[in-house]
Amino acid sequence: MSRWPATKARVVLAALFRIGWPVKRESGSHRTLTRPGWPDYVFAFHDTEEIGPRMIARIARHTGLMREGL
């Protein structure tokens with residue numbers, strides 16, 4: 001398993017936008033992202049929040065995010 005770097009939530013969200021995950025709906029800091037062929041994913045982080053390596057790995061597993069995409 002590759003080690004992910006700790007990253008700000010806004011950077012992770014921007015990477016998800018780049019690979020085709022637009023916002024379906026938003027309520028506060030909870031954004032529901034959608035992509036054809038994948039189940040919806042709820043991204044529930046404030047933009048300035050730091051996301052740790054284990055959580056980024058979990059996000060990647062559910063969304064198809066690659067390490068090179070950050």
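What pairs can you find where one residue is in the stretch 29-52 and on the phi > 0 side of the Ramachandran plot, the other is at pLDDT 95 or above and among the acidic types (D, E), and their Cβ atoms are less than 7 Å apart, with a gap of 6+ or different chains?
none
Any idea which of (1) of a type in the set (A, V, I, L, M, F, W, C); (2) out of contact with any Leu (no Cβ under 8 Å at 6 or more places or on another chain); (3) open to solvent by 30 Å² or more (accessible area, probe 1.4 Å) is the one V23 doesn't satisfy?
Going through (1) of a type in the set (A, V, I, L, M, F, W, C); (2) out of contact with any Leu (no Cβ under 8 Å at 6 or more places or on another chain); (3) open to solvent by 30 Å² or more (accessible area, probe 1.4 Å) one by one, V23 breaks only (2).
Give the residue that is surrounded by the most Cβ atoms within 10 Å (Cβ to Cβ), with candidates limited to residues of the stretch 26-35 that are modelled with pLDDT of 95 or more and assigned to a loop (DSSP other than H, G, I, E, B).
R35
Using the structure shown, decide if A14 is free of Cβ contacts under 8 Å to residues at least 12 places away in the same chain, open to solvent by less than 60 Å² (accessible area, probe 1.4 Å) and assigned to a helix (DSSP H, G or I).
The answer is yes for A14.
The values are calculated or read from the model by the stated rules, or taken from the named source; none is laboratory data. Keep in mind that this is a model prediction, so the values were computed, not measured. Every residue, glycine as well, gets a Cβ built from its backbone with ideal geometry; the counts of neighbours run over all protein chains shown. SASA here: full protein model, heavy atoms, side chains in, ligands and nucleic acids out. Shrake-Rupley method; radii C 1.70, N 1.55, O 1.52, S 1.80 Å.
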